[in-house]
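What follows is a short report on a single structure.
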Amino acid sequence: MSEQFVAFGSRDYYLLLACVVFSRAMDFFSTWVATPNLLLEANPIARKMGWKIGIVFNAVLCVLFPLWPLPALVITTTSLLVAARNFQSAWLMRSMGEMNYRIFMTERLTQAPRGLFFSCIAAQAILYALLGAFLMYFADWRLVPFAVGMGMITYALAVAVYTTISVWRVAFRRL
């Protein structure tokens, strides 16, 4: 892989900064479109932090991580995949309202066989992780394809973990 770190203020730093800022902004924006009150936020840490603390935390992340290209590109990949997934259902969440969407999904979850639901989540996560693993394996230690593959694996883990936490919360606490 190329250099492990880049110099603050260098051209590569600013390019990575633009990638991280854009991807984190898309994650934030897609979350806001989907759940402005964070009622549907699957990440319990992000939900607890709220918008203000989350923005400050992400601003620090955006300034520091471009110094280290590998995690900067992993964060970029993961954040863009999360944003894309958020936008997939954001229109429905926003048009129904957060509470109505939550009630609707709770009803669907109670009617669906849990094994089927968790099998589908596992299949989604495994397919993303496999694609990421293939990218990493065939990257020949080149930074960008390796980091994108790692970002896909990170996304797969996030989908599996946060979806499970979210469903567990809904299924056992109801509303």
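The values are calculated or read from the model by the stated rules, or taken from the named source; none is laboratory data. None of these values were measured; they are calculated from a predicted model. All Cβ positions, glycine included, derive from the backbone under ideal geometry; neighbour counts span all protein chains shown.
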Can you say whether Phe29 is touching a Ser or Thr at 6+ places or on another chain (Cβ under 8 Å), among the aromatic types (Phe, Trp, Tyr) and either closer than 22 Å to Trp168 by Cβ or modelled with pLDDT of 95 or more (or both), as far as the supplied structure shows?
no
For the range 3-53, the count of residues that are assigned to a loop (DSSP other than H, G, I, E, B), touching a residue at least 24 places away in the same chain (Cβ under 8 Å), more than 26 Å from Gln88 (Cα to Cα) and not hydrophobic (A, V, I, L, M, F, W, C) equals 2
Kindly list, by first and then second residue, each pair from a residue in the range 97-123 that is over 25 Å from Asn37 (Cβ atoms) and of a type outside the set (Lys, Arg) to a residue that is part of a helix (DSSP H, G or I) and at pLDDT 90 or above, limited to pairs with Cβ atoms under 8 Å and residues at least 6 apart or on different chains.
Ala122/Ala160
Residue in the range 5-25 that is surrounded by fewer than 20 Cβ atoms within 10 Å (Cβ to Cβ), more than 29 Å from Asp140 (Cβ to Cβ), of a type in the set (A, V, I, L, M) and in contact with a Lys or Arg (Cβ under 7 Å, 6 or more places away or on another chain) present
no
Taking Val56 and the conditions (1) within 15 Å of the chain's Cα centre (by Cα); (2) without any contact (Cβ under 8 Å) to a residue 12 or more places away in the chain, which numbered condition does it fall short on, given that it satisfies the others?
(1)
Test result for Ala72, on the phi < 0 side of the Ramachandran plot and buried (at least 21 other Cβ atoms within 10 Å of the Cβ)
yes
Could you pull out the residue among Leu67, Leu92, Leu81, Leu38 that is loosely packed, with under 14 Cβ neighbours inside 10 Å and hydrophobic (A, V, I, L, M, F, W, C)?
Leu92
Inspect all residues belonging to the range 39-54 and state whether any of them is under 30 Å from Tyr137 (Cβ atoms) and either touching a Gly at 6+ places or on another chain (Cβ under 6 Å) or among the aliphatic types (A, V, I, L, M) (or both).
yes
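Restricting attention to the range 116-162, report how many residues are of a type in the set (Phe, Trp, Tyr) and surrounded by 17 or more Cβ atoms within 10 Å (Cβ to Cβ).
4
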Go through the range 26-35 residue by residue and tally those that are surrounded by 17 or more Cβ atoms within 10 Å (Cβ to Cβ) and hydrophobic (A, V, I, L, M, F, W, C).
3
